[in-house]
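Encoded as structure tokens, the structure appears first; notes follow it.
Taken together, the values in this text are just the output of simple stated rules run on the coordinates, not laboratory data. Source: prediction; values computed, not measured. Glycine gets a Cβ as well: all are built from the backbone with ideal geometry, and neighbour counts include every protein chain shown.
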Amino acid sequence: MHPLRKQRLQLVLLILTATTVVVGLVLYLLRENGNYFYTPTQIVSGEAPQDVFLRAGGMVVDGSVVRADDSLWVQFKLTDGIDELTVEYTGIVPDLFTEGQAAIASGTVDQQQVLQATQILAKHDENYTPPEVADAMNQAHERKKADKARQAAEADAK
Amino acid sequence: MNWQWFHRLGSPRWFYQTTERWLPWLYLAALTILSVGLTWGLAFAPEDAKQGNSFRIIYIHVPASFLALAGYYIMASAGAIGLIWKMKLSYMVMKAAAPIGAALTFVALVTGAIWGKPTWGAYWVWDARITSMLILLFLYLGVIALQYAYQSVDAASKAGAILALVGTVNIPIIYKSVDWWYTLHQPATIKLTSAPSMHPDMFQPLLVMILGFYIFYALALIVGTRSEILRRERKTGWVRELAAAEVRS
């Protein structure tokens, strides 16, 4: 390669390395600030700031959704598998908001460690399955659960 | 090493004449593959168990995002080749790539917003994926703006190439944002190292659409570069001859 071109190639590589290093350092400093939400554990343990607007994300605990009969009030628990956080919200929740699915609640945590949410977003995963396949998978899962329960019952009887 | 072949590749006239023969095939391939993929994806692929039919926007959203990212590397590489070898054709490719990439980024953002409303419950959120994608749109717009900010073509090309190179750092950030931070956007469905987390009946049309978008991108880039060649080489003998022949016919 011509020495002049080689010099210019080195300049191009220098631009690339310098920007990568600078941006890398900035991202390293920002780290947690790049997160869109806190996990229930971070909030319960006090790692998340108190009395300020924040977002909490996690799975909606099975059987935890309580709805009011006469209003749009809804209460549910979010979990990250370790800790649980109670969320209260008045309004319409997204279609994909169901138990066992991920959701993100925005609002402030009050004295009772309850997140008073002003917005609920449903977070969907990266899996896509046709309804029939999903049904078949659910049935197989149920059958496995029933088998296990029967085996346990038999073991108890003995 | 002999770099002669590389310099011959950089002749605008050679590029213009060679790609002339490719164009009809590229038009045909893009049209066929995109219509097959769209029909397959929108009409024949099964609906999603959770999202229903609204997931079908993936057949536009994902290919557009793919090419918005890949197109940025193409633009930046063309800029780097222009800077190092002072190759005029390379700068023309870079200039042609910027508006195509900007349009694809815009499509990715708009389809994402339309998809977000029924599934997440919001058109727009400031999570890491969506924000970094918006920065990509601004980078593309910046490269376009720099092309028109200078009187001298050479200065405009150099400035555009440097901005394009600096912006490449954003591409891996966009790609990895869903893994590095907690985002509302879900992680990647198509992974380099493992099988896609999507049923084959839904995944096959998506692959067809991605292929179709690649061919469409190549076509748009070639057409854009050709018109830029004519604009910049309008004073040369071969372009004058071409224009004269056009007038005669």
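Neighbours of B:Tyr91 by Cβ distance under 10 Å: Lys/Arg scored +1, Asp/Glu scored -1, total +3.
Return the calculated 222 nm mean residue ellipticity for the protein assembly as shown, to the nearest 500 deg cm²/dmol, obtained by summing -39500 (n - 2.57) across DSSP H runs with n ≥ 4 and dividing by the residue count. Mind showing how you got there, number by number?
On the way: 12 runs with 245 residues, N = 407.
That calculation yields -21000 deg cm²/dmol at 222 nm.
Just to confirm the number: angle between the C-alpha axis of helix B:58-85 and the first principal axis of chain B, 0 to 90 degrees, nearest 10? Relative to chain B, helix B:58-85 is tipped by roughly 30 degrees.
Kirkwood Rh over alpha-carbon pairs of segment B:1-89, then Stokes-Einstein at 4 °C and 1.567 mPa s: what D in µm² s⁻¹, rounded to an integer? Write down the numbers at each step before the final one.
Working: Rh = 16.7 Å.
In µm²/s, the coefficient is 77.
Here's the picture: charge each Lys and Arg Cβ at +1 and each Asp and Glu Cβ at -1 in the protein assembly as shown, and of B:Leu109, B:Trp25, A:Val60 the one pushed furthest to the positive end of that dipole is B:Trp25. Using Cβ point charges alone (K and R +1, D and E -1), the dipole size of segment A:50-123 about the Cα centre works out to roughly 200 debye. The residue list B:His61, B:Ala245, B:Ala49 was ranked by how far each Cα lies along the charge dipole of chain B toward its positive end, using unit charges on Cβ atoms, and B:Ala245 comes out on top. Based on alpha carbons, the Rg and Dmax found for the protein assembly as shown are 26.7, 100 Å.
Among B:76-84, A:141-149, the peptide with the highest mean count of other Cβ atoms within 10 Å heads the list, and the full ranking is B:76-84, A:141-149. With N counted as the residues of chain B, its alpha-carbon radius of gyration over 2.2 N^0.38 Å works out to 1.13.
For peptide A:99-110, what's the mean number of Cβ atoms from other chains within 10 Å of each residue's Cβ?
On the way: counts 0, 0, 1, 2, 2, 8, 0, 2, 0, 0, 0, 0.
Mean shielding count: 1.
For A:Gln139, the shell of other residues with beta-carbons less than 11 Å away shows a net charge of 0, using +1 for Lys and Arg and -1 for Asp and Glu. Taken residue by residue and averaged, Cβ atoms of other chains lying within 10 Å of the Cβ of B:181-192 number 5.
Percent of C-alpha pairs per 10 Å bin in segment B:97-223, short distances first: 11, 32, 37, 15, 4, 0.
For the protein assembly as shown, the dipole from Cβ point charges (+1 on Lys and Arg, -1 on Asp and Glu) about the Cα centre works out to 2940 debye, to the nearest 20.
Summing charges over all other residues whose Cβ lies under 11 Å from the Cβ of B:Ser11, with Lys and Arg as +1 and Asp and Glu as -1, gives +2.
For segment A:39-150, the spherically averaged projection of the C-alpha convex hull amounts to 9.0 nm². For chain B, the longest principal axis of the Cα atoms and the long axis of helix B:153-167 meet at an angle of about 30 degrees.
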